[in-house]
Amino acid sequence: MTTVLNYVAPLDQDNLPSAKSGTDLIQIQGGKRLNGTIEISGAKNAALPLMCAALLTEDAVRFTNMPNTLRDMRTLTAVLQSLGAEVTAGPAGEMVIRAETIDDAHADYELVRQMRASILVLGPLVARFGEAEVSLPGGCAIGTRPIDLHLMGLEAMGAKIDLQDGYVRASAPNGLQGAAITFAKVSVGATENLMMAACLAKGKTTLINAAKEPEIVDLGELLIAMGGQIEGLGTSTITITGVERMNGATHSVVADRIETGTYMIAVALTGGTLRLKNTQLRFLEALVAPLKKAGVSFDVEGEDVIVHRNGTPLVGTDIMTEPFPGFPTDLQAQFMTMLTQCEGAGMVTETIFENRFMHVPELCRMGANITVHNGSAIVRGVKRLKGAEVMATDLRASVALVLAGLVAEGTTTVNRIYHLDRGYENLVEKLQACGAEISRIRAIE
């Protein structure tokens, strides 16, 4: 059986049908403090590989705390269903995936071209069925994301890789073999793909210079619950001993540290106090330290984090994005927004994605003073931002503009917010409940 997944590069969202017929807007009237409680959702960046891991077994895999309403979740659900898996989502973040029968399927082009994470089906499918066919992914708005490390690892495990007509054709008719694989650079996606593949490989696989993100650990914990033998989670060397069969399991998705960090920065900007429920600070030490330096305080009560700023001026500080446990690239745009309101200046250095300063021109439209040189940006604090009509360019840039609107003078309108729908559950409702004057304006078809 050959499983075909028509995965292509994410294209300009303006070419998508949903964008052609119009898109929703978010409007914010700035100047309101945030006070209240926000429930943190399960992490999208953990949930997507967890869903792909269900392809490793014919048994049912059950999840709780899934961010089911996100656009990326719905897209990957449809991808898995197109391959023959049964996916059902229930209330309160419940999901059950059963991949008992995987058909020889070709997933719809219009569906999967939106999802980089679809490449994560490659490892599980090759490991379980001995072959798969996936079209080559391309870049996206924040930079190229090549899959050479994914393919290098599968080849080291004995898979034959054929690149033809824009497709990756991978075959291992006698099964994958354990191998020692050293990543030339840290790659979250390659680590996830090869961890999953190694679970059904013969012998031992060692991943060296592996990613250490909490989402990697969360995936590993599911794989262990499914019968996988894995050691070294959370370190740069992960060892997987293959088993003959994986079984079903039940797993609760780790809290979204990026959502947590986004609301922490929101409090830093607006002042006030937020209780962030069901999350952890230990995954955000690289953000907590500069926030404390800027003037934000934290308390921990069980699994709740209380974030507070009493109105004292923020102080500029420097950050550099790095793989975990360094400063997350997915919080860079939000932190840059905060720096626009700090006394003095701060420097932001981006080392992960080459095009992740696309939000800078939009912040400057609102009065920000930002100078970009190659991979670094100097942000000089201004007295106030002013509301404007701005355009989101990617997921994290879009939420950074929402944060800017929370403190801007007047009205801010954020266009192209379908990016937000990929990664933030009920953002508008959560902020409204804490005192923000924010609304979503539905598009007229």
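Throughout, read-outs are computed from the coordinates displayed, never taken from laboratory work. Fair warning: this is a prediction, and the values are worked out from it, not measured in the lab. Here the Cβ is made from the backbone with ideal geometry for all residues, glycine too, and neighbour counts use every protein chain on show.
Points to keep in mind about this one:
- The chain, relative contact order [Cα under 8 Å, separation at least 6], %: 21
- Cα gyration tensor, segment 287-334 - rounded (a/c under 1.5), prolate or oblate: oblate
- Expected 222 nm ellipticity per residue - DSSP helices of 4 or more, -39500 (n - 2.57), all of the chain, to 500: -8500 deg cm²/dmol
- Taking other residues whose beta carbon is less than 10 angstrom from the beta carbon of Asp72, and scoring Lys, Arg as +1 and Asp, Glu as -1, yields +4.
- When the chain is treated as a Gaussian network with alpha carbon springs shorter than 10 Å, the biggest mean-square fluctuation among Asp103, Asp148, Asp318 belongs to Asp148.
- Crossing angle, helix 71-83 versus the chain [Cα axis fit, 0-90 degrees, rounded to tens]: 10
- Footprinting exposure proxy for Leu395, Leu219 (fewest neighbouring C-beta atoms within 10 Å first): Leu395, Leu219
- Net +/- balance of residues flanking Gly405 in space, Cβ distance below 13 Å, scoring K and R +1, D and E -1: +1
- Neighbourhood charge, 9 Å Cβ-Cβ cut-off, centred on Ala388 and excluding it, Lys, Arg +1 and Asp, Glu -1: 0
- Based on C-alpha pairs under 8 angstrom that are at least 6 apart in sequence, segment 267-392 has a relative contact order of 21 percent.
- Degrees separating the helix 44-53 axis from the principal Cα axis of the chain, which is the longest one: 10
- Once C-alpha pairs closer than 8 Å and six or more residues apart are averaged by separation and normalised to the residue number of segment 19-94, the relative contact order reads 30 percent.
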